[in-house]
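Notes follow once the structure below has been shown.
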Amino acid sequence: MPNLEDCATIVDIEPVSGNALGAYKRLQVNFMFDAANNVTYSRFHPNMTLGVMYPTVFISQEIFVTPELEGKWNQELGVYLDALKIIFIAGLTIGSVGLVLCVAYLIILSKPREGYETIN
């Protein structure tokens, strides 16, 4: 049964920089055994079933990032990733303070003012 891991061409990409971390290329060549070429092959393979795809060749290539290149990318991206963490924490803090201020402002506005009577 074909599945994604055995039959697909897969490329792993680092999400921040877009560099390829690994690639897998797989190719399978099949041979269709049907009535048209049955005369030729039936002499040598008399028990083969007609109308079936038989795998002939399976080629697989894999490539991965070397530790040296991984270290270089970590040095280049280290400052950027640290800046992203700081920006995330700063944004979270500013958003939390803003939420508290908005809630406090709404509470202040919802209190009735002194010296004013409501109109019924």
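Would segment 76-85 turn up any residue that is among the aromatic types (F, W, Y), under 22 Å from the mean Cα position of the chain (by Cα) and not in a helix (DSSP H, G or I)? Break it down into steps so the answer makes sense when it comes.
To start, the set of residues in segment 76-85 that are among the aromatic types (F, W, Y) comprises 80.
Checking which are under 22 Å from the mean Cα position of the chain (by Cα) leaves us with 80.
Next, from what is left, pick out any that are not in a helix (DSSP H, G or I): none.
No, every residue in segment 76-85 fails to be among the aromatic types (F, W, Y), under 22 Å from the mean Cα position of the chain (by Cα) and not in a helix (DSSP H, G or I).
Of the numbered conditions (1) modelled with pLDDT of 80 or more; (2) surrounded by 10 or more Cβ atoms within 10 Å (Cβ to Cβ); (3) more than 35 Å from the chain's Cα centre (by Cα), L27 fails exactly one; give the number of that condition.
Condition not satisfied by L27: (3).
Of the residues that sit in segment 65-94 and are of a type in the set (A, V, I, L, M, F, W, C) and modelled with pLDDT of 90 or more, which one is farthest from L21 (Cα to Cα)? Before you say what the answer is, go through the steps one by one.
In the first step, residues of segment 65-94 are kept if they are of a type in the set (A, V, I, L, M, F, W, C); the result is 65, 69, 73, 77, 79, 81, 83-84, 86-90, 92, 94.
Narrowing further to those that are modelled with pLDDT of 90 or more: 86-90, 92, 94.
On the way: I86: 26, I87: 26, F88: 26, I89: 28, A90: 31, L92: 31, I94: 36 Å.
By that ranking, first place goes to I94.
I'd like to verify a number: residues in segment 64-120 that are loosely packed, with under 10 Cβ neighbours inside 10 Å and in contact (Cβ under 8 Å) with a residue 24 or more places away in the chain, how many?
Going through segment 64-120 one residue at a time, the tally reaches 0.
The values are calculated or read from the model by the stated rules, or taken from the named source; none is laboratory data. This structure is a prediction, so every number in the text was calculated from the model and none was measured. Cβ atoms come from the backbone with ideal geometry, glycine included; neighbour counts cover every protein chain shown.
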